[in-house]
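The values are calculated or read from the model by the stated rules, or taken from the named source; none is laboratory data. For clarity, every value in this text was computed on a predicted model and none was experimentally measured. Here the Cβ is made from the backbone with ideal geometry for all residues, glycine too, and neighbour counts use every protein chain on show. Ligands, DNA and RNA are stripped out before the accessible areas are found, and what is left, the full protein with its side chains, is counted by its heavy atoms. Shrake-Rupley method; radii C 1.70, N 1.55, O 1.52, S 1.80 Å.
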Amino acid sequence: MTINATYKPTYINYTVVFKNWDGTVLSAQTYHYGDSVTAPADPTRAADNTYTYAFAGWDKVVTSKCDGNKEYTAIYTSTFIEYT
């Protein structure tokens, strides 16, 4: 008698999270290994009494293919507001 094992593949879900500077979640998507990762539209940050802010990118290089759970945080360049 020959017994053959059969297996049913189960995908592992990975979560890729994009956060704004203050920790608010901009996007949280579930991917499988090797899926193409899509970053959300460039976020914005409101000016305060001292600075205006321009989106400079993410704190890490966004991988084009999913290879595990990831978390990215928006980085901004600040420009001092000159008052006269």
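Anything in the range 31-41 that is in a loop (DSSP other than H, G, I, E, B) and either of a type outside the set (Val, Ile, Thr) or touching a residue at least 40 places away in the same chain (Cβ under 8 Å) (or both)? List them, or say none.
Step one: filter the range 31-41 for residues in a loop (DSSP other than H, G, I, E, B), giving 33-35, 37-41.
The answer is 33, 34, 35, 39, 40, 41.
Among the residues of the range 71-84, which ones are open to solvent by less than 90 Å² (accessible area, probe 1.4 Å) and among the polar types (S, T, N, Q)?
Correct list: 73, 77, 78, 79.
Please find, within the range 1-30, the residue that is farthest from the chain's Cα centre (by Cα) out of those that are surrounded by 11 or more Cβ atoms within 10 Å (Cβ to Cβ) and part of a loop (DSSP other than H, G, I, E, B).
It comes out as 21.
Tell me which of these residue 68 doesn't satisfy, since it passes every other one: (1) open to solvent by 50 Å² or more (accessible area, probe 1.4 Å); (2) assigned to a loop (DSSP other than H, G, I, E, B); (3) of a type outside the set (A, V, I, L, M).
Of the numbered conditions (1) open to solvent by 50 Å² or more (accessible area, probe 1.4 Å); (2) assigned to a loop (DSSP other than H, G, I, E, B); (3) of a type outside the set (A, V, I, L, M), the odd one out for residue 68 is (1).
Of 44, 63, which residue is touching a residue at least 12 places away in the same chain (Cβ under 8 Å), part of a loop (DSSP other than H, G, I, E, B), among the hydroxyl-bearing types (Ser, Thr, Tyr) and out of contact with any Asp or Glu (no Cβ under 6 Å at 6 or more places or on another chain)? Give the steps one after another, and end with the answer.
Values: 44 fails: touching a residue at least 12 places away in the same chain (Cβ under 8 Å).
Sole residue among the options that is touching a residue at least 12 places away in the same chain (Cβ under 8 Å), part of a loop (DSSP other than H, G, I, E, B), among the hydroxyl-bearing types (Ser, Thr, Tyr) and out of contact with any Asp or Glu (no Cβ under 6 Å at 6 or more places or on another chain): 63.
Which of the residues spanning the range 31-55 are open to solvent by less than 70 Å² (accessible area, probe 1.4 Å) and under 12 Å from residue 20 (Cα atoms)?
If the condition is that a residue be open to solvent by less than 70 Å² (accessible area, probe 1.4 Å) and under 12 Å from residue 20 (Cα atoms), then 40, 43, 45, 55 are the ones that fit.
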